[in-house]
Every structure is written in C-alpha cells, then in structure tokens.
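Okay, so here's the structure we're looking at.
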Amino acid sequence: MSKREENRRKIASYVFKRAWKLFKKQGAKYMYTFATCLKLAWRIVRGYAHLSFSKVRGVSFKNSDGKSRQTVIAALRKYSPEEISLYFEREPDNPYDPNAIKVMAKVAGKGTAQIGYVAKELAEDISVELDFNRKAVVILEDITGVPSRMLGVNFRYILV
C-alpha cells in the first residue's frame, strides 16, 4: 500500500470515528442523521468549522410556565447522555434581549423543556445565523454542580 493511500485511509477512519461520536454522543441521533454528522465531521477535519464550548446561562431562574430550571436540569441527570438532545430556539420577542436564544433539552419519548439561554455575547452572532436559516448542532457536554446547591449545563455547538 502506498504512503498516500495509507494516509487517506487514516483520515477517512478518523472522520468516520468522529462522525460516529457526534451521532452517538449526547442524543444527537435523535435530532440528526448520520449523514449530517458525517458532513460535519468532514468540515471539522478540513478546518472549516470547529465545535465551540459554552455554558447555559440563566439556570437559576424559572421558565415562563413557572417550573424551576434547576428542577428540569436535576431531572435530566436521571437519563443517559444518549437520551438527551439539546437545541437552540430563537426568542425574538424577549423583553430583555431581542437576540435571545433559548437552550432547550429534549429527552427521547419524555418531552421538551427550557434549561436556560445562550450567553448574550454569543447570542448576538448566533441569532443572525439562525435568522438566515442556518442550523445549530448542539451537543451536551456535561451537567455540573451539586444538586443541593446549583446545577449547570455545559455544551458544544456548531452552526451548519
């Protein structure tokens, strides 16, 4: 086997492994097809895109229905990461920030609830992209904190 073919196979293997991790990780398989994850993996490998890290903001407040976001996040801890998927939802009529983006959590077969917001600094840029029909792939990284005090949620996202 030539050196070029060996390198090509290594890259292809890496891309497929990365796509599989994206597909399986944190409930992405409930929101995205493997083909979408494969395209995303190629973009990451080529350097056209990278997953950005952030934290969900506003986790200490209540949702509009009166339910505590801390209660919602505590309930998410009962499920495996593969059952949980996150996504962004624009909220242009938010009285505090017209660029507001809700972070929503969906559990397969259980329902959907808001767990907070995207940071205001990021929301300015992301809201423009979402308004132009770009999609955001959001992956749950970690649920942090102590249930008796305060829980938080970390995530990675990329706009495709």
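Where a number appears in this text, it was derived from the coordinates with a stated rule and is not lab data. Here the structure is a predicted model, which is why all the values come from computation and not from measurement. Reconstructed Cβ throughout: ideal geometry from the backbone, glycine too, with neighbour counts over all protein chains shown.
Give me the extension gain from Glu124 to Ser148: residue separation times 0.36 nm, minus the current Cα-Cα distance, reported in nm with one decimal.
Details: separation 24, 0.36 × 24 = 8.64 nm, distance 3.31 nm.
Taking Glu124 through Ser148 to full extension adds about 5.3 nm, to one decimal.
How big, in percent, is the set of alpha carbon pairs in the stretch 15-108 lying more than 16 Å apart?
65 percent
In a Gaussian network model over the chain where Cα atoms closer than 10 Å are linked, find which of Arg149, Arg134, Arg77 has the largest mean-square fluctuation.
Highest fluctuation among the options: Arg149.
For the stretch 130-160, state which chymotrypsin sites (Phe, Trp or Tyr not before Pro) are in a DSSP loop and have at most 15 other beta carbons lying within 10 Å of their beta carbon. Don't skip to the answer; put the middle values down first.
On the way: sites: Phe132, Phe155, Tyr157; in loops: Phe132.
Taking the stretch 130-160 and a limit of 15 other Cβ atoms within 10 Å, the loop chymotrypsin sites (Phe, Trp or Tyr not before Pro) found are Phe132.
Helix-only mean residue ellipticity at 222 nm, the chain, DSSP H runs n ≥ 4 weighted -39,500 (n - 2.57), per residue, nearest 500. What is it? It would help to have the intermediate numbers written out before the result.
Details: 4 runs with 55 residues, N = 160.
When only DSSP H runs of four or more count, the value is -11000 deg cm²/dmol.
Net charge near Leu130: determine it from the other residues with C-beta under 12 Å of the C-beta of Leu130, scoring Lys and Arg +1 and Asp and Glu -1. It would help to have the intermediate numbers written out before the result.
Numbers: positive: Arg90, Lys102, Arg134, Lys135; negative: Glu89, Glu91, Glu124, Asp125, Glu129, Asp131.
That sum, taken over residues with Cβ under 12 Å, equals -2.
If each Cα of the chain is one equal point scatterer, what is log10 of I(q)/I(0) from the Debye formula at q = 0.09, 0.14, 0.15 Å⁻¹?
After summing over all Cα pairs, the log10 values are -0.33, -0.73, -0.82.
Compute, for the chain, the length of the dipole vector about the Cα centre, with Cβ point charges of +1 (Lys, Arg) and -1 (Asp, Glu) only. Units Debye, rounded to 20.
Values: 30 positive and 16 negative charges, 193 e Å.
Rounded to the nearest 20 debye, it is 920 debye.
May I ask for the angle, rounded to the nearest 10°, between helix 34-46 and the longest principal axis of the chain, with both axes built from Cα atoms and the value confined to 0 to 90°?
For helix 34-46, the angle is close to 70 degrees.
Can you give the angle from 0 to 90° between the axis of helix 3-24 and the longest principal axis of the chain, with both taken from C-alpha atoms, to the nearest 10?
It works out to around 20 degrees.
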